[in-house]
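For reference, the structure I am asking about is given below.
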Amino acid sequence: MGLFASRFLHKNSGATIIHDPRLYWNTREIVLQAKGQPVMSKTGHAFIKQAMRQYDSVYGGEMSAHQYFKDFFYCDGGILPWLMLMEYMGQRGQTLSQLIGNMMERYPVSGEINFCINCQPETIFVELKKRLTADYGTTLAEDHLDGLSLEYAKFRLNLRASNTEPLLRLNIETRADKALVDTISQLVSNAVAEVCAKHKA
């Protein structure tokens, strides 16, 4: 997302960029550096499109690789971003890995991790917050726009119920700490498993 956001802001100074709450540290950094306005929307095409219209956004995206464009009637599609990416790679004379390698090193991510659950997500949220508070202290920010988002100095996570499947979806990002991604992933996995085991008993 950050790569596309930078391209749109190069041509539309000060524009608003819509992003979802799953992974956004890299995107927000790029948007703010380019003097754009990052706005968070609930995950899902209906919510992203609504937010884009509300804020007159030129571009919106999700970490799931859905890309939305004002000039394409706020719709998403695979051909437009592919063509834009090919153009940018040609202009810079770089491969995709060269273009985004530094971003990935600065903000390692977990990829989306799915859990099948047998209880209400809120029950798991309560237990997870207890464990994270015990290990990492008070959060810098907490948000409930789409599930539970918790931000600490060196990592943030989003845990949300899927819009389309009976799953709980986890995404984690850190500040240049790949090992911490695994640590937090295991902590969340343990919390989910233990809460679900209690409800199964």
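Since every read-out is calculated from the coordinates, none of them should be taken as a lab result. On a predicted model such as this, the values are computed, not experimentally measured, just so you know. We place every Cβ from the backbone using ideal geometry, glycine too, and count neighbours over all the protein chains shown.
By how many degrees, between 0 and 90 and to the nearest 10, does the Cα long axis of helix 178-200 differ from the longest principal axis of the chain?
For helix 178-200, the angle is close to 50 degrees.
Continuing with the same structure: Calculate the length of the line joining the C-alpha centroid of segment 158-179 to that of segment 48-77, in whole Å.
Centre-to-centre (Cα) distance: 21 Å.
Okay, next question. What is the total of Lys pairs in segment 113-200 with C-alpha atoms under 22 Å apart, excluding same-chain pairs fewer than 8 positions apart?
Close lysine pairs found across segment 113-200: 8.
Starting from the coordinates of the alpha-carbon atoms of segment 2-106, obtain the Kirkwood hydrodynamic radius over all distinct pairs and give the value in Å to one decimal.
One over the average 1/r among Cα pairs gives 13.8 Å for segment 2-106.
Can you pull out the trypsin sites (Lys or Arg not before Pro) in segment 105-201 whose DSSP state is coil and whose Cβ has at most 14 other Cβ atoms within 10 Å?
Filter output for segment 105-201: 154, 175.
Given 162, 186, 139, which one lies farthest toward the positive end of the charge dipole of the chain, if we put +1 on the Cβ of every Lys and Arg and -1 on the Cβ of every Asp and Glu?
Going by the Cα projections, it comes out as 139.
Let me ask something else about it. Among the aspartates and glutamates, which have Cα under 20 Å from the Cα of residue 49 when same-chain residues fewer than 8 positions away are ignored?
Straight-distance partners of residue 49: 20, 62, 71, 76, 146.
Follow-up question, since we're still on this one. Given C-alpha coordinates of segment 76-152, what is the ratio Rg to Rh with the Kirkwood estimate of Rh?
We get a ratio of 1.15 for segment 76-152.
Mind giving me the nanometre distance, one decimal, between the label points for residue 162 and residue 113, set 7 Å out from Cα along Cα→Cβ?
For the pair residue 162/residue 113, the computed spacing is 1.7 nm.
Please compute, for the alpha-carbon atoms of segment 113-200, the extent along each of the three principal axes and give them in descending order in Å.
Result, largest extent first: 35, 26, 22 Å.
OK, next. With +1 assigned to the C-beta of every Lys and Arg and -1 to the C-beta of every Asp and Glu, and no other charges, what is the dipole magnitude of the chain about the Cα centre in debye, to the nearest 20?
200 debye
Follow-up question, since we're still on this one. Taking 2.2 N^0.38 Å as the expected size of a compact globular protein, what ratio does the Cα radius of gyration of the chain give against it, to two decimals?
Compared with the compact-globule rule of thumb, the chain sits at 1.08.
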